[in-house]
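The values are calculated or read from the model by the stated rules, or taken from the named source; none is laboratory data. Everything numeric here is computed off the predicted structure, so don't read it as measured data. Here the Cβ is made from the backbone with ideal geometry for all residues, glycine too, and neighbour counts use every protein chain on show. These area figures cover heavy atoms from the full protein model, side chains too; ligands, DNA and RNA do not enter into them. Shrake-Rupley method; radii C 1.70, N 1.55, O 1.52, S 1.80 Å.
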Amino acid sequence: MAPPKYRGAINISFQLSIGIGFLLANLINFGTEKIKSGWGWRISLAMAAAPASILTLGSLFLPETPNSQIQNGKDYEKAKLMLQRVRGTNDVQAELDDLIKASSISKTITPM
């Protein structure tokens, strides 16, 4: 749903976030392994569960993309309204037609 001029930056931000997440996870594990009495792994696991819970709860509030609405055979008007909201313009008919055409082509492809 991102505009084409921002897709590269969003992709790079995603990759950077994953790298930072790996680094933080390793630092947390390094710090919690020194805790005596067997609590280190519990604390490490609880710290990992916090961001996972936030992401899970946040995903419940995400809208469907226009492409997924078209693929699932839902109302094309809803897809058009979503495109208009995301793009910030009412002139989205050409993009909607492309999405509908791509969806119909993808449904004709049979898996090997």
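In the range 10-49, how many residues are open to solvent by less than 60 Å² (accessible area, probe 1.4 Å) and either closer than 30 Å to V86 by Cα or touching a residue at least 24 places away in the same chain (Cβ under 8 Å) (or both)?
Final tally of qualifying residues: 2.
Tell me whether the range 85-92 contains one or more residues that are within 23 Å of Y6 (Cβ to Cβ) and among the aliphatic types (A, V, I, L, M).
yes
Hey, could you check the range 31-75 for residues that are over 28 Å from S103 (Cα atoms) and charged (D, E, K, R) and say which is farthest from the chain's Cα centre (by Cα)?
This residue is K36.
In the range 72-93, what residues are open to solvent by 70 Å² or more (accessible area, probe 1.4 Å), outside any loop (DSSP other than H, G, I, E, B) and not basic (K, R)?
Y76, E77, L81, Q93
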